[in-house]
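Some notes on the structure that comes next.
We did not get these values from a lab; they are worked out from the coordinates using the rules stated. On a predicted model such as this, the values are computed, not experimentally measured, just so you know. Cβ: placed from backbone, ideal geometry, glycine included. Neighbour counts: every protein chain shown.
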Amino acid sequence: MNTFADIADSLAQQAIELPSWAFGNSGTRFKVFTTPGTPRTVEEKLADAAQVHRLTGLAPSVALHIPWDKVDDYDKLGRVAEDLGVRLGTINSNTFQDDDYKFGSLTHVDERIRAKAIAHQLECIDIMDVTGSRDLKIWLADGTNYPGQGDLRDRQDRLADSLAQVYTRLGQDQRLVLEYKFFEPAFYATDVPDWGTSLVHCLALGERATVCLDTGHHAPGTNIEFIVAQLLRLGRLGSFDFNSRFYADDDLIVGAADPFQLFRILYEVIRGGGYGEDSDVAFMLDQCHNVEDKIPGQIRSVLNVQEMTTRALLVDRAALREAERAGDVLGANGILMDAFYTDVRADLADWRVTRGLPADPMKAYAASGYQDHIAADRVGGTQAGWGA
Ligand code: PSV
Ligand code: MN
């Protein structure tokens with residue numbers, strides 16, 4: 001196995017983008033609980049995200065969701081972010097909350113509504129031009145609830161045409177990242193249900209179209225690390241939306257439900273060249289903190305990713321390869337498991353201190369007084385939430 005000292009330098013290359021919406025209130029269709037100090041504005045979301053980066057050094061950028069984070073002046077917003085020590089990242093479009101999109105957006109049978117959905121994506125690219133964001137992330141709620149409700153094949157044709165119109169507008173340094181999800185809100189057929197469908201559209205579009213893998217968007221039991229390996233092999237893994245789930249798209253803290261799965265995913269990321277300075281893979285969280293405090297929830301999340309990345313880096317890949325080739329089934333498995341079972345928390349705490357970071361970011365946040373400060377300060381106004 002590699003030692004911590006062997007891999008310590010590569011830890012500095014880790015960057016995990018935070019979703020602005022993780023700082024707003026969220027919940028289920030049963031109840032959205034509010035929290036004192038929840039941001040009322042995108043600037044306040046950025047301020048909270050900056051706390052995560054200040055204490056962990058892991059989260060230098062923040063993804064925006066449009067129109068949730070719509071402002072008049074994105075240049076100014078970029079400067080606000082910069083002053084806080086973070087930058088604006090991926091722009092997530094949203095064609096799932098307008099009444100017009102009841103029967104679809106980029107797949108809609110009505111040309112007026114399809115054009116409106118395309119125009120929204122172009123508006124997001126305009127924003128990217130100002131913020132300097134590289135990625136337009138498209139997730140579509142499009143789909144049908146009943147067999148016969150829509151023509152499955154025509155919907156794919158319209159989707160391909162819509163995406164092509166969006167792709168044409170991208171700048172040379174910009175990418176379209178297409179996220180898939182197997183169900184919800186559509187319960188019979190979703191128009192981009194799986195990585196294969198996303199990949200097919202990306203291949204048709206061109207090199208700057210890549211797949212977004214949200215870890216919560218698969219049927220239970222799906223081997224997600226296989227998908228990671230395959231997409232990296234094809235050069236089409238654009239980004240991750242990290243979270244974890246026990247049942248469906250639970251959006252829980254990454255690594256909370258299944259730390260071993262996170263380890264296996266990160267091992268394939270490293271194995272496939274998806275980690276490090278030369279990689280174009282964007283690592284993002286896509287989570288909702290329904291009952292836990294949001295800022296510590298985000299801190300815990302990035303620390304979980306860091307911890308599992310560290311363990312995955314510990315795998316002695318040369319020894320593993322040898323064992324695999326020799327048909328040493330249990331030996332090979334043992335090499336992976338040795339790394340997975342290694343507790344790296346003390347080493348990471350020391351490593352943080354050498355970089356001027358708190359040994360325990362969770363404790364440092366609790367002691368910082370920031371939570372009390374925002375609870376006292378952010379009075380009045382409307383708290384931000386998932387969907388607003
Ligand atoms: C859809 O469930 C999704 O994962 C997409 O990424 C959306 O943009 C995001 O959730 C919103 O929370
Ligand atoms: Mn997502």
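Hey, could you check segment 172-229 for residues that are farther than 29 Å from Y146 by Cα and of a type in the set (K, R) and say which is farthest from ligand 2 (Cβ to nearest atom)?
Looking at the filtered set, the residue picked out is R208.
Can you work out which of the residues in segment 97-122 that are within 16 Å of ligand 1 (Cβ to nearest atom) and farther than 21 Å from R153 by Cα is surrounded by the most Cβ atoms within 10 Å (Cβ to Cβ)?
Applying the filter and picking the extreme gives Q121.
Can you name every residue in segment 126-159 that is assigned to a helix (DSSP H, G or I), within 16 Å of ligand 1 (Cβ to nearest atom) and closer than 20 Å to Q97 by Cβ?
The answer is I127, and nothing else.
Return yes or no: is Y180 within 13 Å of ligand 1 (Cβ to nearest atom) and within 27 Å of D129 (Cα to Cα)? Before you say what the answer is, go through the steps one by one.
Details: within 13 Å of ligand 1 (Cβ to nearest atom): yes; within 27 Å of D129 (Cα to Cα): yes.
Yes, satisfied.
For segment 123-171, what are the residues that are among the aromatic types (F, W, Y), surrounded by 20 or more Cβ atoms within 10 Å (Cβ to Cβ) and more than 16 Å from ligand 2 (Cβ to nearest atom)?
The one that is among the aromatic types (F, W, Y), surrounded by 20 or more Cβ atoms within 10 Å (Cβ to Cβ) and more than 16 Å from ligand 2 (Cβ to nearest atom): Y167.
For Y267, indicate whether it is surrounded by fewer than 21 Cβ atoms within 10 Å (Cβ to Cβ) and more than 13 Å from ligand 2 (Cβ to nearest atom).
So Y267 fails the test.
Under 14 Å from V192 (Cβ atoms) and out of contact with any His (no Cβ under 8 Å at 6 or more places or on another chain): which single residue out of Q156, Q97 fits that description?
Q156
Condition check: surrounded by 13 or more Cβ atoms within 10 Å (Cβ to Cβ), of a type in the set (V, I, T) and assigned to a loop (DSSP other than H, G, I, E, B). Does T382 satisfy that?
Spelling it out, it is not the case that T382 is surrounded by 13 or more Cβ atoms within 10 Å (Cβ to Cβ), of a type in the set (V, I, T) and assigned to a loop (DSSP other than H, G, I, E, B).
I'm told K76 meets every condition in (1) surrounded by fewer than 18 Cβ atoms within 10 Å (Cβ to Cβ); (2) assigned to a loop (DSSP other than H, G, I, E, B) except one. Can you identify the failing condition by its number?
(2)
What's the number of the condition I91 fails, among (1) surrounded by fewer than 20 Cβ atoms within 10 Å (Cβ to Cβ); (2) among the β-branched types (V, I, T); (3) touching a helix residue (DSSP H, G or I) at 6+ places or on another chain (Cβ under 9 Å)?
Result: I91 fails condition (1) only.
Those residues that are of a type outside the set (V, I, T), more than 11 Å from ligand 1 (Cβ to nearest atom) and buried (at least 22 other Cβ atoms within 10 Å of the Cβ), I need them from segment 208-222; list them, please. Full working, then the answer.
Keep residues of segment 208-222 that are of a type outside the set (V, I, T), which gives 208-209, 212-214, 216-221.
Next, only the ones that are more than 11 Å from ligand 1 (Cβ to nearest atom) stay: 208-209, 218-221.
Result: A209, single match.
Looking at segment 356-385 only, could you name the residues that are touching a Gly at 6+ places or on another chain (Cβ under 6 Å) and farther than 22 Å from K294 by Cα?
none
Tally time: how many residues in segment 223-256 are within 17 Å of R300 (Cα to Cα) and within 16 Å of ligand 1 (Cβ to nearest atom)?
Looking only at that region, the number is 10.
Can you name the condition, by its number, that A63 falls short on among (1) more than 16 Å from ligand 2 (Cβ to nearest atom); (2) buried (at least 23 other Cβ atoms within 10 Å of the Cβ); (3) not in a loop (DSSP other than H, G, I, E, B)?
It fails just one condition, (1).
Here's the yes/no breakdown for (1) part of a loop (DSSP other than H, G, I, E, B); (2) surrounded by fewer than 19 Cβ atoms within 10 Å (Cβ to Cβ):
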{"site": "N2", "(1), (2)": "yes, yes"}
{"site": "D9", "(1), (2)": "no, yes"}
{"site": "R29", "(1), (2)": "yes, yes"}
{"site": "G37", "(1), (2)": "yes, no"}
{"site": "E43", "(1), (2)": "no, yes"}
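Being of a type in the set (V, I, T), assigned to a helix (DSSP H, G or I) and loosely packed, with under 15 Cβ neighbours inside 10 Å is the filter here, so list the residues in segment 329-379 that pass it.
The answer is V329, V353, T354.
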